[in-house]
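> To start, I am sharing the structure in question, which I have written as structure tokens.
What follows is calculated from the coordinates using simple rules that are stated; it is not laboratory data. In this text the structure is predicted, and so the values were computed from the model without any measurement. Counting neighbours? That spans all protein chains shown, and the Cβs are built from the backbone with ideal geometry, glycine included.
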Ligand code: NAD
């Protein structure tokens, strides 16, 4: 019989009135982005996540060229629970064949996503990786289009996502208060890169929900290591693998340590970790429960931080704003 866990902590998603579980389910792995995932495993992972208290699921038409949305849709349908019991975000503007943040494309995109997800509405519709488009187009054309979709009841909330942190201030400073409900930042609140920390006071002052994704730095902070396409420098990859090896030698798990590091900051509404199996779901929920009960493993954390000092806050270029 499976172990039973207490329910995960719920945190306010900014001023939205929604409460997200501290651990959110990142569904990009369901698009076989990291490794092949069967439909059976995908559905089972979603079911186990919900059973253990995860109420937030994030996907995009970009992940696995729409496969992630389809898999997540099947998993959510199989739950057989009222729609109000889970929170779903998907994205628009980034697709398997490129970027298009035009009003026409994002308006069409939500209908396509809803069909694949088998849902009538999503809770959050994000503009996906806006640094690859014109930020002024996002402000003046995409966000107004998303507001119409909100009025039409196709999404409850509007968000923006991307890698460079300056995109968030650029957009939030140029839209009326309350227009953007949430932001999704990735790879900036993990042991090797914690630069999101400096932006938290600003984001809180704007009242937006703060979603921090990729606590395992998209596979860098795992025993398995990152996928082939990972954009980190060879130096960053090898430092993270040295950190993982150090943990393993001590009988510790780098992924658990990394997830607990991200979860420990309660200004972050939810930490999105990508999961593709029941085992990963159970490990990640157990990591959250262990953190709540025993706190962080400060000794191992400082050893890992020492290994990562030479690459601390090292990131990679993303988008067309900067080369
Ligand atoms: P992540 O840091 O969460 O790492 C995911 C990888 O770690 C996958 O290979 C997964 O199988 C593996 N993993 C998960 N739990 C593990 C465990 N306990 N032990 C060992 N390995 C484990 O990176 P991610 O999946 O890219 O990010 C999480 C989610 O955040 C995505 O799925 C997506 O939903 C979202 N995201 C959004 C954006 C964006 O909007 N631009 C960017 C990145 C991520």
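> I'd like the distance between the alpha-carbon centres of region 261-323 and region 139-161, rounded to an integer number of Å.
If we compute the Cα centre of each part, the gap is 30 Å.
> For region 101-130 and region 220-251, write down the distance between their C-alpha centroids in whole Å.
So the two Cα centres are separated by 34 Å.
> Still on this structure, I have one more. Please report 308, 200, 221 as a ranked list, fewest other C-beta atoms within 10 angstrom at the top and most at the bottom.
Fewest to most other Cβ atoms nearby, the residues stand as 200, 308, 221.
> Going by C-beta contacts inside 10 Å, put 128, 224, 246 in order with the fewest on the left.
Result, fewest neighbours first: 224, 246, 128.
> Can you sort 62, 202, 121 by how many other beta carbons sit within 10 Å, fewest first?
Ordered from fewest to most neighbouring Cβ atoms within 10 Å, 62, 202, 121 come out as 202, 121, 62.
> Starting from 0.36 nm per residue, how many nanometres of slack lie between residue 197 and residue 97 once their C-alpha separation is accounted for?
Extra length available between residue 197 and residue 97 comes to 32.7 nm.
> While we're looking at this one, here's another question. What percent do you get for the relative contact order of the chain when only Cα pairs under 8 Å and 6+ apart count?
In percent, rounded to a whole number, it is 21.
> Just want to confirm a number: the relative contact order over region 158-249, from Cα pairs under 8 angstrom separated by 6+ residues, in percent.
24 percent
> Hey, what did region 206-321 get for relative contact order, percent, Cα under 8 Å, at least 6 apart?
So the answer I get is 34 percent.
> Can you give me the C-alpha center-to-center distance between region 10-29 and region 32-47, rounded to a whole angstrom?
21 Å
> Would you mind telling me the antiparallel percentage of the DSSP bridges in region 83-223, rounded to 5?
Antiparallel bridges: around 15 percent, rounded to the nearest 5.
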